[in-house]
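Notes for the one structure printed next.
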Amino acid sequence: MRFQLSSGLSIVVCLGCFSAFLLKYLSGSGGKKEDVEKETGLGLIKKKNENFEEWYSEVVVHGEMIEYYDISGCYILRPWTMAIWETMQAFFDAEIKKMKIKNCYFPLFVSPAGLKKEKDDIEGFAPEVAWVTKSGKSELEVPIAIRPTSETVMYPYYSKWIRGHRDLPLKLNQWCNVVRWEFSNPTPFIKSREFLWQEGHTAFATKEEADKEVLEILEVYRRIYEEYLAIPIVKGKKSESEKLAGGLYTTSVEAFVPNTGRGVQGATSHCLGQNLDITYENEKGEKAMIWQNSWSYSTRTIGVMVMVHGDDKGLVLPPKVASIQAIVIPVPFKDANTHVIFDACLKIVAQLSEAGFRVEADLRDNYSPDWKYSHWELKGVPLRIEIGAKDLEKKQVGCVRRDNCVKVDIPVVDLVKEVKDMFDKIQQNLFDVAKQKRDASIQVARTWDEFTVALSNKKLILAPWCDEHEVEENVKARTKSEIGAAKSLCSPFDQPELPEGTLCFASGKPAKKWTYWGRSY
Ligand code: 87F
């Protein structure tokens, strides 16, 4: 088509581009969804299976969970993240309250004297301790440390408060931040220099009580991962090399990221054994030492959720933790009465909110439905509810699941029941898919060769082990590389049968148990 401009200049454009331009222009960037994504920068550039690390940092930023900060290893946690953290916190806090565990808050700062007391235990960690040395321009007389964990801050007062057997058990927890000046590849949520966590520190008169609580807390951690975050985990015991230094034993829930073939220590529950420095007078009036536990989970949980469930369209949030579980989007059409559609959207929001669901409507009139679809898919909202003129006529709404993109029309009268059912199905499907992928990554290795092949294939390796510390150190030495060394992740409580004569995959000595091995975050 030719256009004569007043300046006498004429321009020629093909009809196709002109109509696309018109379409785009008239419906506010209403071009095809992928065009919308491209021109609005909504779409993710990197593909999860092609460039995982870059995909991950794109999805946490574009999903508005994280903002990078000008101090390396530190990240801004945005509301989309905090809503998930608070949902898990509410669940966990309610569970530990049932166990008569009390919240408290100890100072952020640790005196050098305090830190020195636990010198041997934190030997290996010392390089990660951040110190405050100045206030304003003047040097502090004594530099003070910022808590990397709070044993050295809390236990002197446990010693003060625990006098007699009536002061036991003493069970305290605190929700706080800790600082560990890590130097190796900081990753949002997974490895950061400051993170949020809860740390429980408990004291008992008997080992039986301590052992019982270690497993009770571990079960609550399993529920956080499997029931809330739809992430399958393995419950197990850490090896002597991987347990808490100076502790008696460490249990953990271990997750796995198939894309990178790396294990993730999801949460730990330790039995520290008897603490020599904290004694009390027992019933018989004798001096006795307390048995102690400590346990924690952190904002790392959220990073694992993104890595396991996210896809090339963005975040995929399990309904149990999603800040918005369903987003209602009006689909106004040409002469359709927009206000009638907007009112219908608000009614649906009210109906579902009334039923206890976290539902919002996106009635912004400066974005096309397609743009909104991409935006809320990127943010991982589990369910999209579309309402157009046709739906109004048929007293129904269109529902699209984020996990499998399946679209169904639901009569408004059945909406509450159907939406509950869809959330349950989405939650279960996310867990089943993640478990299927994790199980497909598990590789049994009975020899060193099978082990090294499985390791190079990014597998979660289950191998018979002689349980000797040196052998684990040797495995680390023989698998050391720029992407890290393989180490034991945990020995699962649920042990497969170990036939008589089974040999250790690494030492060839008689194997004592099955253990999961791999590289980890
Ligand atoms: C970093 C610097 C200094 C871990 C550290 O896991 C000390 C430490 O003690 C340190 N990193 N740890 C071990 C923490 C053990 C324990 N603390 C309470 C837990 C559960 C919560």
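The values are calculated or read from the model by the stated rules, or taken from the named source; none is laboratory data. Since we're looking at a predicted model, the values are computed, not measured. Cβ atoms come from the backbone with ideal geometry, glycine included; neighbour counts cover every protein chain shown.
What the table shows:
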quantity	calculated
Enumerated helices (runs of 4 or more DSSP H) restricted to segment 52-163, each holding at least 1 residues that are within 15 Å of the ligand (Cβ to nearest atom) and modelled with pLDDT of 95 or more	79-98, 151-161
Residue that is away from the ligand (no atom under 16 Å from the Cβ) and within 26 Å of VAL179 (Cβ to Cβ), where the choices are VAL308, VAL264, VAL304	VAL304
Residue among LEU272, LEU229 that is of a type in the set (A, V, I, L, M, F, W, C) and within 16 Å of the ligand (Cβ to nearest atom)	LEU272
Exclusive hit being more than 22 Å from LYS320 (Cβ to Cβ), surrounded by 15 or more Cβ atoms within 10 Å (Cβ to Cβ) and not hydroxyl-bearing (Ser, Thr, Tyr), set VAL400, VAL453, VAL412	VAL412
Any chance ALA485 is at negative phi, outside any helix (DSSP H, G or I) and under 25 Å from the mean Cα position of the chain (by Cα)	yes
Pair list, Cβ under 7 Å, 6 or more apart: segment 146-162 residue under 17 Å from PHE204 (Cβ atoms), other residue within 11 Å of the ligand (Cβ to nearest atom) and acidic (Asp, Glu)	GLU151/GLU118
Lone qualifier among GLU216, GLU242 - being surrounded by fewer than 22 Cβ atoms within 10 Å (Cβ to Cβ) and in a helix (DSSP H, G or I)	GLU216
Which numbered condition LYS458 misses (of (1) farther than 30 Å from GLU482 by Cα; (2) crowded, with 16+ Cβ neighbours inside 10 Å)	(1)
Tabulated pairs, segment 190-204, first touching a residue at least 60 places away in the same chain (Cβ under 8 Å) and among the hydroxyl-bearing types (Ser, Thr, Tyr), second assigned to a strand (DSSP E or B) and within 11 Å of the ligand (Cβ to nearest atom), C-beta under 9 angstrom, 6+ apart or interchain	THR202/ASN173; THR202/GLN292; THR202/ASN293; THR202/SER294; THR202/TRP295
Unmet requirement for GLU208, which otherwise passes all of (1) touching a residue at least 24 places away in the same chain (Cβ under 8 Å); (2) within 30 Å of ASN282 (Cα to Cα)	(1)
HIS339 vs. criteria away from the ligand (no atom under 16 Å from the Cβ) and over 26 Å from LYS235 (Cβ atoms)	yes
Given (1) surrounded by 16 or more Cβ atoms within 10 Å (Cβ to Cβ); (2) under 28 Å from the mean Cα position of the chain (by Cα), index of the condition VAL406 fails	(1)
Elements of type helices (runs of 4 or more DSSP H) in segment 406-482, at least 1 residues being within 30 Å of LEU383 (Cβ to Cβ) and touching a His at 6+ places or on another chain (Cβ under 8 Å)	415-441
Single match in SER269, SER294 (criterion: free of Cβ contacts under 8 Å to residues at least 60 places away in the same chain, assigned to a strand (DSSP E or B) and more than 12 Å from the chain's Cα centre (by Cα))	SER269
Residue among ALA434, ALA454, ALA440, ALA445 that alone is within 30 Å of GLY356 (Cβ to Cβ) and either touching a residue at least 12 places away in the same chain (Cβ under 8 Å) or within 29 Å of the chain's Cα centre (by Cα) (or both)	ALA434
Residue check, LYS191 within 15 Å of the ligand (Cβ to nearest atom), touching a Phe, Trp or Tyr at 6+ places or on another chain (Cβ under 7 Å) and under 21 Å from TYR297 (Cα atoms)	yes
Test set (1) within 15 Å of the ligand (Cβ to nearest atom); (2) out of contact with any Asp or Glu (no Cβ under 7 Å at 6 or more places or on another chain); (3) on the phi < 0 side of the Ramachandran plot - ALA326 fails condition number	(1)
Pairs, first within 18 Å of GLY236 (Cβ to Cβ) in segment 502-515, second part of a loop (DSSP other than H, G, I, E, B) and polar (S, T, N, Q), C-beta under 7 Å, six or more apart	PHE505/THR447; ALA511/THR502; LYS513/GLN495; TRP514/GLN495
Some residue of segment 166-178 being within 13 Å of the ligand (Cβ to nearest atom) and in contact with a Pro (Cβ under 6 Å, 6 or more places away or on another chain)	yes
Where a residue in segment 67-78 is touching a residue at least 40 places away in the same chain (Cβ under 8 Å) and its partner, wherever it lies, is part of a strand (DSSP E or B), with Cβ under 6 Å and at least six apart	CYS74/GLU194; TYR75/ILE66
Check on LEU244, under 29 Å from LYS512 (Cβ atoms) and within 13 Å of the ligand (Cβ to nearest atom)	yes
Selection from segment 275-301 of residues that are among the basic types (Lys, Arg) and within 16 Å of the ligand (Cβ to nearest atom)	ARG300
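Conditions (1) without any contact (Cβ under 8 Å) to a residue 60 or more places away in the chain; (2) closer than 18 Å to LEU44 by Cα, marked per residue:
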{"site": "SER353", "(1), (2)": "yes, no"}
{"site": "PHE357", "(1), (2)": "no, no"}
{"site": "ASP362", "(1), (2)": "yes, no"}
{"site": "TRP371", "(1), (2)": "no, yes"}
{"site": "SER374", "(1), (2)": "no, yes"}
{"site": "LYS379", "(1), (2)": "no, yes"}
{"site": "ARG384", "(1), (2)": "yes, no"}
{"site": "ALA389", "(1), (2)": "yes, no"}
{"site": "GLU393", "(1), (2)": "yes, no"}
